[in-house]
Structure formats: C-alpha cells, structure tokens
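The values are calculated or read from the model by the stated rules, or taken from the named source; none is laboratory data. The shown structure was predicted, so the numbers you read here are calculated from the model rather than taken from an experiment. Note that each Cβ is placed from the backbone with ideal geometry, even for glycine, and that neighbours are counted across all protein chains shown.
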C-alpha cells in the first residue's frame with residue numbers, strides 16, 4: 001500500500017533534497033499524509049511517452065512561473081523556472097525557504113508538457129523513508145498553465161494554476 005504524502009512536505013522534500021542529492025542524477029519529493037482526489041476525475045499524468053521538450057517548443061514556457069497550491073497543511077507557492085542549458089531544456093522547482101531542485105526529464109505530447117523527478121528519501125521532515133516520484137503535467141489554460149502534480153503514482157495528487165512572473 002502506498003503511503004499518503006502531504007503536498008507541502010512533498011514539495012519541501014523535493015527542493016530540499018536537491019542540494020543533498022546534487023551528486024546524483026535523480027530528483028525528488030516526499031512525506032506522510034492525506035488521501036488524494038480520485039485519479040479518474042483528474043488529468044492522466046501520462047498517456048504514453050512524449051518527445052523531449054526542445055528549446056523551440058519551450059520558448060513560451062521559458063522564465064519563471066508561480067504555482068499557488070492549497071495543501072492539506074496550508075497554502076504553498078512553488079516557483080517553477082524553465083531555462084535552456086547546453087542546448088537542453090531544464091527546469092527548477094523551489095518553494096519559500098528552499099533552494100531550487102533541477103529537473104531534466106521534460107517531455108511534450110501535443111500541448112501537454114510533463115516533468116518527472118524521482119529519488120529515494122530519508123530525512124527529518126517525516127517518518128516516511130523510501131522511493132518518491134513526482135510527475136507534473138502542464139496544460140495551456142489561456143495565458144496560464146494548468147499544473148497537475150502526482151506523487152508516487154497517485155499516492156498524492158494536487159493541482160493549481162501556474163502564472164508566469
């Protein structure tokens with residue numbers, strides 16, 4: 001049985017583990033928590049593999065985005081930044097008090113952009129220890145992006161609207 005993980009702690013662990021795991025090529029998010037909304041009512045995290053996001057395709061996304069999220073433990077505003085490094089699109093996610101965590105697994109299928117990160121987590125934030133995966137999908141919503149985050153394959157899900165800074 002998957003452990004339920006609160007969003008606030010997941011994002012905290014995701015960005016906090018970035019500096020700890022910098023030597024590894026994997027990314028992160030963890031914790032302990034409350035049930036997610038039913039997966040059937042939300043967009044699918046991945047309906048088949050997309051192609052790597054190219055700098056040309058990423059042009060409208062480049063820059064900084066704020067994603068306010070209402071979590072079971074309160075409001076959290078995450079910052080998602082897209083940039084090009086060495087000809088590849090990369091992203092970084094951070095939250096107040098936490099440094100950016102780099103994400104390199106970014107694909108696009110149709111208009112949907114998918115970011116994936118995973119790591120093994122063990123830390124002081126929660127009693128949870130073990131593998132954690134995050135899949136974030138971004139779907140155009142006018143000038144904004146509908147952001148959907150899925151942790152541990154529906155262990156916890158949350159959505160918000162990403163607005164460009």
Practice item. Report yes if some residue within segment 119-130 is surrounded by fewer than 21 Cβ atoms within 10 Å (Cβ to Cβ) and under 15 Å from the mean Cα position of the chain (by Cα); otherwise report no. Key: no
Check your understanding: Quick check: anything in segment 109-130 in a strand (DSSP E or B), under 18 Å from residue 77 (Cα atoms) and modelled with pLDDT under 80?
Key -> no
Check your understanding: If residue 70 passes every condition in (1) surrounded by fewer than 14 Cβ atoms within 10 Å (Cβ to Cβ); (2) over 18 Å from residue 145 (Cα atoms); (3) at pLDDT below 95; (4) in contact with a helix residue (DSSP H, G or I) (Cβ under 9 Å, 6 or more places away or on another chain) but one, which one does it miss?
Key -> (2)
Point to revise | Given (1) more than 24 Å from residue 82 (Cα to Cα); (2) in contact (Cβ under 8 Å) with a residue 60 or more places away in the chain, number of the condition residue 131 does not satisfy | key: (2)
Exercise for review: Looking for whichever is on the phi < 0 side of the Ramachandran plot, exposed (fewer than 15 other Cβ atoms within 10 Å of the Cβ) and modelled with pLDDT under 50 here; the options are 51, 27, 39. Which one fits?
Suggested key: 39
Check your understanding: Just wondering, is there one or more residues in segment 94-117 that are in contact with a helix residue (DSSP H, G or I) (Cβ under 6 Å, 6 or more places away or on another chain), surrounded by fewer than 16 Cβ atoms within 10 Å (Cβ to Cβ) and closer than 21 Å to residue 163 by Cα?
Key -> yes
Point to revise | Top-ranked residue of segment 136-154 - restricted to ones that are surrounded by 21 or more Cβ atoms within 10 Å (Cβ to Cβ) and at pLDDT below 95, ranked as nearest to residue 81 (Cα to Cα) | key: 149
Check your understanding: How many of the residues making up segment 131-153 are assigned to a strand (DSSP E or B) and over 14 Å from the mean Cα position of the chain (by Cα)?
Key -> 4
